Amino acid sequence: MISNMKTLCVILIFSQTCNGILYPRDTETRETKVLDGVWHFKTSDKMSPDEGFSNAWYSTPLEYSGDTMLMPVPASYNDITTDSKLRDYVGWVWYGRSFFVPSSWAANRVILRFGSVHYTCNVYINGKPAFNHSGGHIPFEADVSEFINYTQENFVSVAVNNTLTRYTVPQGSYIWQQASDKYPPGYSTLEYEFDFFNYAGIHRPVVLYTIPRHISIQDISTSTRVRHNPTVAELTVSVQARTDDMFQLGDDYQCDIQIIDAAGLEVANSSSCFAVLAIQNPQLWWPYLMSENPGYMYTLKATVIAPGYGKDSYYLPIGLREVKWDNSSLLINDEKFYFRGFGRHEDSNIRGKGLDLPLVFRDYNLIKWLGANSYRTSHYPYADEIMDLADTLGIVIIDECPAVALDHFEKPLLANHLQAMTELVGRDKNRPSVIMWSVGNEPRSYRNDSGEYFRQVYEHTRSLDGTRPITLVVNADYKTDHASQHFDVIAINRYFGWYSDSGHLELIQNQTLSDLRHWRQARGKPVMITEYGADTVTGLHMLPSMVFTEEYQAQLMMQNFKAFDIARSEGWFIGEMIWNFADFMTKQEARRVAGNKKGIFTRDRQPKMSAHVLASRYWQIAEQETFIERKPKNMYLFQPQVSIVSHP
């Protein structure tokens, strides 16, 4: 019998992908075709996990291989059926569907892009191995032109494995039990330390798109400096092209760059592939509630032109803003910024971690209703579509890679961690909403070897981007932590009154303030709290309050608020993020009742008492800011006729 892990190691032997940096967009030189919808789906026999490979399920359309079920894409497969075996399945599953490609595409290169597949996948086109990728939560793509038929139907097969190992990011352990009177033959489980469900499947859109055959845009990088009195935005743009063997970079080659405002007017241009553009009196990108027009976006149109070989155009949304930081503050466009937000999850009923646009829009309406201005992508990169809305609405993001609860800081893990940061920065480096990178959450940073490990992670991330601060979210004690000193912002998770001194609300203010001050004194850097909170069962009320009641969650929050206000008044505390925005699913264990209940909203996005308490808090802080006169008149995304009250 071949274990999942042996198969995982053996099968990943064909061509690697490149990071899907530029989101697929229709332009005058590019065309897209979405492959979302209904796919065929089946699992491998747990006693023979490699049967899909040994029986070549990829050689014909998947439905020809025997019994299959229908599965929606994008979605996690776990909660779609009523079968507990599929919900908790670990190992190889297979997806397949057929599609046509227009014959007009034959003159171009055809790229196949997956927004996210968790965790490892092999992709086959028309029965041939095309590419593979390991690492969920981030897009990947490859040129599949050589595999495509333009005169008949094509089929794609995707083998997906959710197994995690000591060296994956995040980590997990595949446990095989010896056959006994306790366990049947072949019994196994996947164990992991992170506190959310290991949802699996094709989680985000699958897109075919074309690029010109001989020359095309591979990447665009931007950064902004803002000068005041008068206001000028200096936008640095770098355009990178890719070519085929017929065209050499030494041949004639040029770029055309245009910056276009929201009204469609050109405000700057250049004929160079690297340019520094001065934009006079720009509309700066501001966070929500820092401007009457938060999230203002320009369009960067880039065109590469090679006479005799063709051209390619791409339209990149950009925002003009600058982030600065020192040992006490974080500033956006030279205004001090204070985080009012929360941790979140990509998690919902039935879809799991699958992209659900109606839910995404509901979430952003709730974020604005709260008066929040930020969140952390705990504990992995979120979908492009979610990030696009953050850009457009002015919601600030701490962008986190999937390195949650890391332990055993060995070289193979470090290599995968650095790759995860490379892919994350590569995808999101142009987003104005992203103002900080987080390289991980709650590692075992009390271990001595964590210090050198995270020094290397910091230096690698800094080499990728010098325009944003970098943090590591820690839960170790300041006296035993070996990692946080390498980072620009100290971000800590603390659950006083919950995981320690449970039920003792009277201790929270003193314990929180004391801990925050110790971190400040020990590190001399800006400090923020990225998690605090309490599990709360909706509708459970008691007077006086007790743990798990709505009253207790609200009172715990208010005791923390007192500490936050004092720390903020001392000039070095830069933000507060409650855990969590909404209830979410976890693995089954005695301390969780159908998931983690620390949300201020239920899993179906209805408010608990705590949501109203937090909204009152966040609106009060917003009204104290000196820039509140720039507050938007309309607080709702799609109901501009509705006026919001001063305090929800």
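Odds and ends about this structure:
- Some residue of the stretch 48-67 being among the small types (G, A, S) and touching a Ser or Thr at 6+ places or on another chain (Cβ under 7 Å): yes
- Any chance Q555 is open to solvent by 60 Å² or more (accessible area, probe 1.4 Å), of a type outside the set (A, V, I, L, M), within 14 Å of W498 (Cβ to Cβ) and assigned to a helix (DSSP H, G or I): yes
- Every residue from the stretch 97-145 that is part of a loop (DSSP other than H, G, I, E, B), of a type in the set (G, A, S) and in contact with an Asp or Glu (Cβ under 8 Å, 6 or more places away or on another chain): G115, G135
- Test: residue in the stretch 501-513 that is open to solvent by less than 10 Å² (accessible area, probe 1.4 Å), in a helix (DSSP H, G or I), aliphatic (A, V, I, L, M) and over 22 Å from G371 (Cα atoms): yes
- Filter pass, D326 being modelled with pLDDT of 95 or more, acidic (D, E), open to solvent by 20 Å² or more (accessible area, probe 1.4 Å) and under 26 Å from E531 (Cβ atoms): yes
- With respect to (1) among the β-branched types (V, I, T); (2) in contact with a helix residue (DSSP H, G or I) (Cβ under 8 Å, 6 or more places away or on another chain); (3) without any contact (Cβ under 8 Å) to a residue 40 or more places away in the chain; (4) surrounded by fewer than 20 Cβ atoms within 10 Å (Cβ to Cβ), the lone exception for I175 is condition (2).
- As a summary of the residue check, A534 satisfies the conditions (1) more than 24 Å from N333 (Cβ to Cβ); (2) not in a loop (DSSP other than H, G, I, E, B) except for the one numbered (2).
- Meets criteria (open to solvent by less than 20 Å² (accessible area, probe 1.4 Å), closer than 25 Å to L112 by Cα and of a type in the set (A, V, I, L, M)) for V226: no
- Matching residues, the stretch 66-110, being polar (S, T, N, Q) and either surrounded by fewer than 16 Cβ atoms within 10 Å (Cβ to Cβ) or within 26 Å of S188 (Cα to Cα) (or both): T68, S76, N78, T81, T82, S84, S98, S103, S104
- Test: residue in the stretch 572-584 that is within 20 Å of L330 (Cβ to Cβ), without any contact (Cβ under 8 Å) to a residue 24 or more places away in the chain and open to solvent by 10 Å² or more (accessible area, probe 1.4 Å): no
- Verdict on I220 being in contact with an Asp or Glu (Cβ under 9 Å, 6 or more places away or on another chain) and either in a strand (DSSP E or B) or closer than 30 Å to W579 by Cα (or both): no
The values are calculated or read from the model by the stated rules, or taken from the named source; none is laboratory data. Since this is a predicted model, take the numbers as computed values, not measurements. Neighbour counts run over all protein chains shown; Cβ positions are idealised from the backbone, glycine included. These area figures cover heavy atoms from the full protein model, side chains too; ligands, DNA and RNA do not enter into them. Shrake-Rupley method; radii C 1.70, N 1.55, O 1.52, S 1.80 Å.
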